[in-house]
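S.K.: Here's a structure for you.
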Amino acid sequence: SSSSSSSSSKACAPHAAGHDQLCSSNEYRVRSTGFMDTLAVTKRVQSINSSVARSLESFNVSKSSVACKVMWDKGIRDFVGYGLGAAMESFQPLRAYLAYAGCNIIVSESFAFEWGVNFLEPFWNSVLSDTIWTEQSKFLPVCSTPFFRRWTVGPHVKCEADPGVFSDGHQTAFWHSPYYNKAPFPQFRDLLLQTFGPRLAAYRPPFKERYAAFHIRHGDRMRIIQHNNFVLGARFDAINLPSLTTVLRAQWPDLTKVFFATDDATEIITATKMNREGSLTINWTANELRSLGGTLKSQWRKHLSTQPAVNVALDDMLGLAGASVLIGGSDSSFFNVARALNQNLHENVQRPFPWCFDVFTHKPCN
């Protein structure tokens, strides 16, 4: 290093007045803020795609006497209807198990098209014409797994496999095994990021610089929390935009740009007022149909799933995933999936620590 001024062959670090400037013949790397531009996101997605491909190549599609066949027909609208976070939390581990079991996931051409136009990465092994897919699935039994027993709305997934393949015991054993917790699958993190990869690469973030993201879930979720524990329900009720802003100012006082995802129209009214005050710049996904107080209780597992609603849910997820700082509650599956996406997307990116705060447990969630 040297105290001389910078030249064309030297890179110099920022310095305060009255202090020597440190220079080097090597490139000076400015500390990252955690913001990822489109190029950085694309590179990370490509890396994940390669990793997932290697993981899936570890297993072969079943060649047993009774082939393991899964006729999949639950599209992205069904995911959003069930609850995008809750569906993804169960679907991605199931994907890993189906690969481990050597199952052939088969979809129809129309299914593949709908999944693709929403910029989601394919997860299946085979595509059949709609007619042939219908003929092959017509006489197969409905898959009987805990996930599908809960997911009763929408089309059924049909399965055919050797006895025991879809048993609860076999799946639970896999999810506790090194195959799922070490290699080839680091749980479902890479599979999850791969699914959202194309949309992440095409997504325009809410800001062109470092930003924080808030997530608040009220509405139908409140019924579950308050039913299970009154004290937790009271704490949940106190999670609102002002309380999340207090956390932001205490932990990251220099951050003034915020992306906000919520199901509660009341919180959007508050955000609009705060924007007028000028202390923060808050953005949210436009054209979302929000109710005062949040999602209606009658919509539990039956959320609005029109194409505009699908776009809003996906873009809310990506807005949270791209943030340098994330604040929300671990009682929400949507927040948990967004946090997992955020963590894996930023795997090789420097950013301040902590970068995540769970307002439900009142602890960092890095």
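The values are calculated or read from the model by the stated rules, or taken from the named source; none is laboratory data. For clarity, every value in this text was computed on a predicted model and none was experimentally measured. When we count neighbours, we look across all protein chains shown, and the Cβ atoms used for this are built from the backbone with ideal geometry, even at glycine. Each accessible area value is taken on the protein alone, full model and side chains, heavy atoms only, with ligands, DNA and RNA left out. Shrake-Rupley method; radii C 1.70, N 1.55, O 1.52, S 1.80 Å.
S.K.: For segment 97-114, name all the residues that are within 21 Å of the chain's Cα centre (by Cα) and at pLDDT 95 or above.
M.R.: Ala112, Glu114
S.K.: Further, regarding this structure: Just to verify a result, which residue in segment 318-336, among those that are open to solvent by 10 Å² or more (accessible area, probe 1.4 Å) and of a type in the set (Ser, Thr, Tyr), is farthest from Asp263 (Cα to Cα)?
M.R.: Ser330
S.K.: Given the options Ser144, Ser137, Ser110, Ser126, name the one that is of a type in the set (S, T, N, Q), within 28 Å of Gln307 (Cβ to Cβ) and open to solvent by 40 Å² or more (accessible area, probe 1.4 Å).
M.R.: Ser110
S.K.: Then there is this: Would it be correct to say that Arg301 is under 29 Å from Ala202 (Cα atoms), at pLDDT below 90, touching a helix residue (DSSP H, G or I) at 6+ places or on another chain (Cβ under 6 Å) and surrounded by fewer than 18 Cβ atoms within 10 Å (Cβ to Cβ)?
M.R.: Yes.
S.K.: Further question: Taking only pairs six or more apart or across chains, which ones have beta-carbon atoms under 8 Å, a first residue in segment 340-359 that is of a type in the set (Phe, Trp, Tyr), and a second residue that is open to solvent by 40 Å² or more (accessible area, probe 1.4 Å)?
M.R.: So the pair list comes out as Phe353/Asn366; Trp355/Asn366; Phe357/Gln251; Phe357/Lys363; Phe357/Pro364.
S.K.: If the requirement is being out of contact with any helix residue (DSSP H, G or I) (no Cβ under 7 Å at 6 or more places or on another chain), within 29 Å of Ile48 (Cα to Cα) and either aromatic (Phe, Trp, Tyr) or open to solvent by less than 20 Å² (accessible area, probe 1.4 Å) (or both), which of these qualifies: Phe259, Phe353?
M.R.: Matching residue, one of Phe259, Phe353: Phe353.
S.K.: Any residue in segment 225-235 that is within 28 Å of Pro352 (Cβ to Cβ), open to solvent by 50 Å² or more (accessible area, probe 1.4 Å) and at pLDDT 90 or above?
M.R.: No, segment 225-235 has no match at all.
S.K.: Can you confirm whether Leu320 is in contact with a Lys or Arg (Cβ under 7 Å, 6 or more places away or on another chain) and aliphatic (A, V, I, L, M)?
M.R.: When the stated conditions are applied, Leu320 does not pass them.
S.K.: Here is a further query. Can you say whether Asp190 is touching a helix residue (DSSP H, G or I) at 6+ places or on another chain (Cβ under 6 Å) and free of Cβ contacts under 8 Å to residues at least 40 places away in the same chain, as far as the supplied structure shows?
M.R.: No, not satisfied.
S.K.: What number of residues in segment 186-224 are outside any helix (DSSP H, G or I) and either surrounded by 14 or more Cβ atoms within 10 Å (Cβ to Cβ) or over 21 Å from the mean Cα position of the chain (by Cα) (or both)?
M.R.: Number satisfying all stated conditions: 17.
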